[in-house]
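Structure, as structure tokens:
The values are calculated or read from the model by the stated rules, or taken from the named source; none is laboratory data. All values derive from a computational prediction rather than experimental measurement. Positions of Cβ are backbone-derived with ideal geometry, glycine not excepted, and every protein chain shown enters the neighbour counts. In case anyone asks, the SASA skips ligands and DNA or RNA and just uses the protein heavy atoms, side chains included. Shrake-Rupley method; radii C 1.70, N 1.55, O 1.52, S 1.80 Å.
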Amino acid sequence: MSDSQRWIALEQIIALNGGMLVGKTRLQKTIYLLQNKGLNLGYDFEYHHYGPYSDGVSEDIKWAEFLGQLKSTNALGFHDVPYTIFETKLAVPDLVNGWDAGSLRSILIVLERHSAVVLELAATFLFLKLHGYASDAEEELKVRKPSKAVPARLEKALELLRDLDLAA
């Protein structure tokens with residue numbers, strides 16, 4: 001997949017999400033989970049503090065902004081914690097990388113029902129499971145994210161993975 005195809009696919013995903021996606025963490029984890037569902041975007045992810053992270057996603061967002069296809073706005077949230085709003089006016093596509101837009105929209109609706117922290121936990125659990133912690137991903141997640149991996153959130157994260165058919 002070419003670089004331009006990747007950032008166009010990112011824009012299309014945001015368009016399918018109502019033209020807006022709020023938060024860098026949500027963006028990264030959405031792309032990670034979509035790739036694990038089989039949407040071939042070609043991003044490489046590494047483990048960082050907030051779980052799976054791709055420099056490529058960040059770079060492609062910058063390109064889409066530079067070309068005027070995407071707008072990001074920084075804002076302050078609860079306790080003055082900064083967050084970013086990604087917006088596009090791109091028309092809702094019929095297909096994204098060969099995937100039916102309706103199928104992708106259904107996944108995005110499921111993801112929107114969960115907080116960014118739950119997405120972070122779900123994506124991190126899956127990443128750990130796929131990268132050396134197959135039998136003890138949950139315990140490793142609790143070690144790496146003790147303040148976030150509280151029982152209620154962890155259960156929601158695992159439920160999300162089951163809903164996406166990503167739990168094994």
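Taking only Cα atoms and a 10 Å spring cutoff, compute GNM fluctuations for the chain and point out the largest among ALA123, ALA64, ALA134.
Top of the fluctuation ranking is ALA134.
Looking at the chain as a GNM with Cα springs under 10 Å, which of SER103, SER54, SER147 has the largest mean-square fluctuation?
Most flexible of the set in this elastic network: SER147.
Hey, what's the chain come to in accessible area per residue, 1.4 Å probe, Å²?
53 Å²
Of the peptides 150-157, 15-22, 79-86, how do they stack up when ordered by the mean number of other Cβ atoms within 10 Å, highest first?
15-22, 150-157, 79-86
One quarter of the convex hull surface, Cα atoms only: what value does that give for the range 14-168 in nm²?
The Cα convex hull of the range 14-168, projected and averaged over all directions, gives 9.2 nm².
Among PRO151, ALA167, PRO93, which residue has its Cα positioned farthest towards the positive end of the charge dipole of the range 35-168, with +1 placed on the Cβ of Lys and Arg, -1 on the Cβ of Asp and Glu, and the dipole taken about the Cα centre?
Toward the positive end, the furthest listed residue is PRO151.
What is the Cα coordinate range of the range 121-163 on the first, second and third principal axes, sorted by size from largest, in whole angstrom?
25, 24, 14
When the C-alpha atoms of the range 1-92 are aligned to their principal axes, what extent does each axis show, in angstrom, from largest down?
40, 31, 21
Considering the options LEU104, GLN35, GLY132, tell which one lies farthest towards the positive end of the dipole of the chain, charges being +1 on Lys and Arg and -1 on Asp and Glu at the Cβ, about the Cα centre.
Most positive-ward Cα: LEU104.
So what's the gap between the Cα centers of the range 15-35 and the range 101-136, to the nearest angstrom?
Taking the Cα centre of each part, the range 15-35 and the range 101-136 sit 11 Å apart.
What does the charge dipole of the chain about its Cα centre add up to, to the nearest 20 debye, if the Cβ of each Lys and Arg holds +1 and the Cβ of each Asp and Glu holds -1?
Magnitude of the dipole: close to 360 debye.
Of all the accessible heavy-atom surface of the range 93-168, with the other protein chains kept in place and a 1.4 Å probe, what percent is carbon and sulfur?
The nonpolar share, carbon plus sulfur, comes to 52 percent.
Provide the net charge surrounding LYS145, with neighbours chosen by a C-beta distance below 14 Å and charges set as Lys +1, Arg +1, Asp -1, Glu -1.
Residues close to LYS145 contribute a combined charge of +2.
Counting each pair of different Cα atoms once, what's the Kirkwood radius of the range 84-168 in Å, rounded to one decimal?
14.3 Å
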